[in-house]
Amino acid sequence: MHPLDNPIFQALTTTQAHFARVCNSSRKFLGEVSVLAGFPEPTPENYASLAKLLGPEERVGLFLPATPALPAGWTVLHSGALLQMCFEDHHPTSSEPGVTPNFTSLNQADVPEMMALAKLTKPGPFGTRTREMGDYIGIRVEGSLAAMAGERLRLPGYTEISAVCTHPDYLGRGYATGLIRVLIEQIIDRGEMPFLHVRQENVRAIQVYERLGFRQRGSFHYCYAVLGESKINRAS
C-alpha cells in the first residue's frame with residue numbers, strides 16, 4: 001500500500017507520532033492539534049479502539065475508502081467526497097497571477113488571529129495547536145492577517161498543504177496562490193512531495209490547484225463523527 005493511501009494513519013505512526021494518542025491499532029491526534037484520526041482499516045475492532053480515545057462529545061475526522069458506514073453507537077455529523085492531489089508539474093502553465101507575496105512566518109502569538117480567520121473562511125478544522133503540525137505562513141495588510149496557508153499531515157517524503165484561506169475583504173489579489181507557491185518550494189527543497197486534499201464539489205479550488213501543478217491521485221470520503229447521540233449542531 002502506498003503511504004498516501006492512508007495518510008492520517010501513516011503520519012500518526014511516523015513523522016507526527018509525537019502528537020498521537022494510541023489505543024491498539026487506532027491513532028488520534030491530540031484534540032487541540034487536530035480532530036483527525038486513523039487506523040489500518042475501518043473494522044469494528046478499530047472503531048472500538050478509537051472510541052476509547054474520545055472524550056464526551058469529542059469530534060473525530062476520518063478519511064475513509066468508501067461512503068461512511070460507521071458501527072452502531074456513532075453519529076455522523078457530516079461527510080462527503082474528498083480528492084487527494086499531488087504536486088507533479090514543477091513548471092506548470094498557469095494563468096494565476098504570479099504573485100510573490102511579502103509573507104511572514106506565523107507563530108504562537110498569531111494563533112488567535114489564525115483561528116479567527118479559519119472560523120470565518122472554514123478551510124477545515126483548526127485547533128489551538130494546529131500550527132505546530134508544520135510551517136504556517138501568512139500575509140498581513142495594515143497589521144491584520146489577510147491570508148494564510150500551512151502544513152498539516154507530514155509523513156516520510158510527503159507534506160500536506162492545508163488551511164489555505166483568505167479573508168473575504170482581500171479576495172482576488174492572488175494571496176492564497178502566492179502562499180501555496182512558497183510552501184511548494186519549501187517542501188520540495190526538503191526533498192519531499194507536496195500534496196493536499198480538497199472537497200470534490202470545490203471546483204474552483206481544484207482548477208487553481210491544477211494550474212499550480214497538482215494532479216489528482218485518488219479520493220476518499222471524509223467523515224466527521226462523534227460517539228453516541230450528539231447534541232452538537234450538525235451544521236457546525
Worksheet entry | Sorted largest first, extent of the chain alpha carbons per principal axis (Å) | 50, 37, 32
Discussion item. Within segment 1-42, name every residue whose backbone N is under 20 Å away from a label modeled 7 Å from Cα of Ala48 along the Cβ vector.
Written reply: 22-28, 38-42
Fill in: Theoretical gain in end-to-end length, Arg190 to Asn107 [0.36 nm per residue, Cα-Cα removed]
27.8 nm
Worksheet item: What FRET efficiency comes out for the pair Ala72/Val22, r = Cβ-Cβ distance, R0 = 30 Å, nearest 0.05?
Response: 0.80
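Any read-out appearing in this document is the output of simple, stated calculations on the displayed coordinates, not a laboratory observation. Here the structure is a predicted model, which means the values were calculated and not measured. Reconstructed Cβ throughout: ideal geometry from the backbone, glycine too, with neighbour counts over all protein chains shown.
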